[in-house]
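Scroll down for the structure; my scribbles are underneath it.
The values are calculated or read from the model by the stated rules, or taken from the named source; none is laboratory data. All figures in this text were calculated on a predicted structure; none of them were measured in a lab. Cβ placement follows ideal geometry from the backbone for every residue including glycine, while neighbour counts extend to all protein chains displayed. Accessible surface areas use protein heavy atoms only, side chains included; no ligands, DNA or RNA. Shrake-Rupley method; radii C 1.70, N 1.55, O 1.52, S 1.80 Å.
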Amino acid sequence: METLEKHDIQGFVLRGYGKMRHTIYVLLHVDDAARAKAWLAQLSIDVTDGNQHPKHTALNLAVSCPGLEALGMSESSRRQFAREFREGLTEPHRQRLLGDVGEDSPDKWRWGGTQGDARAERVHMVLMVFAADAAILKEYWDQVRQVVLDHGMSILGMLDGQLDKDNKEVFGFKDGISQPLIAGNHPDTNPFDTVAAGEFLLGYKNEYGVLPETPIIPTKDQQGDVNLLPTIDGDKKDLGRNGTYLVFRQMQQHYDEFWAFMRENSTSEDDAVKLASKMMGRWPSGAPLTLHPDADPGKDQPNYFASNDFGYAEKDKDGMRCPFGSHIRRSNPRDVFEENDVKLSLSLTKKHRVIRRGRDYKISIAAAEGHPARDEIGLNFMCFNADISHQFEFLYHTWINFPRFDRLYNDPDPIIGTIRDPAPGVEQNFTIPQCPVNRQVQNLKRFVTIRGGVYLFFPSIKAIKYLATI
């Protein structure tokens, strides 16, 4: 097991800052590169690293590809980064891959999109400000905000985020349970759910036993102080080591429509909760259906899910408890994937894991054009992965959106994989295995809407220092 250089890794990768439930994600635009780089030099000292265990405040930073350009990084250096990062979320092929069409299309996004002031190329950096409570957050952000504005940057927007006190997401289910453990980061790792560090951090071996692709720049004739970066092969510098890629998507969740659909397809309130749980793969308490198939144990359940060490092979290979098409089973098939044995199934799924760091949001929408004032609620979805293509995009396209996942035929992910207006003849169903005949819930609705997003580089602390010198 490789030793992680935690002092050089930004802390948000290694821990979710669970004690700091209040957050502001600040979308920044660089107006004056020289002044912005002076700020980065100071930020490299103030940023929260992986050795720290903050209790009151934390600060982390991510940079977009247009942001690297705005800071003055040469095209040859930018081309060393992953293609997905360079192209961004709004590239047409990627829109089709992720299902960002119709109401979810980037031309309708509030930020990170393709139109006007919401264009993706305007988002240069995302500053992440965390605090233990709302009062501390306000005080801390007031201090940070003035420093930002004094260093040649504009604030394009501020996205609030928070962790529910019961750790439940908007639809009412306990969230953040199924997280992989990073090898070398957790003192009580279990082999079932421990994943190689290189799946989430550049510079370490991944589940294939190789180093993930990383942005490498030559030592000679290079911009900035390359001596700040780790050396590779004597004459190259690793700009990526201890960094990673961050996917950020703001996702509105339609709570009323979700529960209305469950009730329309159920005979009672308890039946509606059970149907929603079948689609999610867990009960609202977080208890997995595989271990509790008949009812939610609620507060009486043992704390087994703290380590999340259950599989499907022993008790639920045929999906009679947790359907194959449920959200948690298709996003992490664990030890039962298609017709593979347990060992191969685990090996395959570990190569497509991501670390989720999402937080809920609420926006008050003023009355306009005949629409009453309302609150929009949803998720600031964020995930870390060393390879966007083989992790986030594979997960979304091949397991979540694909209607022929595993043994299914017309079944996209019932929570986030459906299309709002499917073409004529396209079915969107959810299959619940039963004896002697499966139950099929037909005509699934779209319960989420994408409101913004961006692909980001989450640099190491050394890389932040380097960016300040280019």
- Within the stretch 304-377, which GluC sites (Glu not before Pro) sit in a loop by DSSP and count at most 10 neighbouring Cβ atoms inside 10 Å? 339, 369
- Amide hydrogen neighbours beyond the local backbone of residue 168, cut-off 5 Å, H modeled: 175
- Item | Of all accessible heavy-atom area on the stretch 400-444, the percent that carbon and sulfur account for (1.4 Å) | 52 percent
- Message: Roughly how far apart, in whole Å, are the Cα centres of the stretch 8-82 and the stretch 323-396?
- Response: 23 Å
- Around residue 445, with a cut-off of 12 angstrom between Cβ atoms, what is the net charge of the other residues, counting Lys and Arg +1 and Asp and Glu -1? -2
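Counting pairs of alpha carbon atoms under 8 Å apart in space and at least six apart in sequence, what relative contact order in percent does the chain give?
Computed value for the chain: 23 percent relative contact order.
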- Karplus 3J(HN,Hα) series, Hz, for the stretch 142-148 with 6.51 cos²θ - 1.76 cosθ + 1.60 (x for Gly, Pro): 4, 6, 5, 4, 5, 4, 4
- So which lysines pass the test for residue 274, namely a Cα distance under 27 Å, with those fewer than 8 places away in the same chain ruled out? 165, 168, 174, 299, 315, 317, 362, 445
- Task: Run down the lysines and flag those whose C-alpha is under 25 Å from the C-alpha of residue 6, throwing out any fewer than 8 positions away in its chain.
- Result: 19, 37, 55, 205, 236, 237, 350, 351, 462, 465
- Query: Which option, [x] 24, 58, 18, 0; [y] 21, 54, 22, 3, 0; [z] 16, 23, 24, 18, 10, 5, 3, 1, is the value of P(r) over Cα pairs in 20 Å bins from 0, in percent that was calculated from these coordinates?
  - Reply: [x]
- Item | Exposure rule at most 11 other beta-carbon atoms within 10 Å, DSSP loop trypsin sites (Lys or Arg not before Pro): the chain longest free segment | 221-403
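Can you give the accessible area per residue of the stretch 1-136, in Å², using a 1.4 Å probe?
Each residue of the stretch 1-136 exposes 41 Å² on average to a 1.4 Å probe.
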- Item | Whole-Å distance, taken between Cα centres, linking the stretch 170-245 and the stretch 401-470 | 25 Å
- Message: Quick check: at a probe of 1.4 Å, how many percent of the accessible area of the stretch 283-385 sits on carbon and sulfur atoms?
- Response: 51 percent
- Item | Probe 1.4 Å, accessible area per residue of the stretch 369-446, Å² | 49 Å²
- May I ask you to derive the relative contact order of the stretch 220-330, considering only C-alpha pairs under 8 Å and at least 6 residues apart, and to give it as an integer percent? 18 percent
- Name the residues whose placed amide hydrogens come within less than 5 Å of the amide hydrogen of residue 360, ignoring near sequence neighbours (fewer than 5 apart) on the same chain. 162, 164, 380
- Over the stretch 1-154, with every protein chain in place, what whole percent of the accessible area is carbon and sulfur at 1.4 Å, could you tell me? 46 percent
- Message: Using each residue's phi in the stretch 273-284, evaluate 6.51 cos²θ - 1.76 cosθ + 1.60 at θ = phi - 60° and report the 3J(HN,Hα) Karplus result to the nearest Hz, with x for Gly and Pro.
- Response: 5, 5, 5, 4, 5, 4, 5, 7, x, 9, 6, x
- Hey, what do the phi angles of the stretch 436-441 turn into as Karplus ³J(HN,Hα) couplings, whole Hz, using 6.51/-1.76/1.60 and θ = phi - 60°, x for Gly and Pro? x, 10, 5, 8, 10, 8
- Query: What translational diffusion coefficient, in µm²/s and rounded to a whole number, does the Stokes-Einstein relation yield for the stretch 1-159 at 4 °C and a viscosity of 1.567 mPa s, taking the hydrodynamic radius as the Kirkwood radius over Cα pairs?
  - Reply: 76 µm²/s
- What is the set of long-range amide H partners of residue 111 at a cut-off below 5 Å, with H atoms built 1.01 Å from backbone N? 453
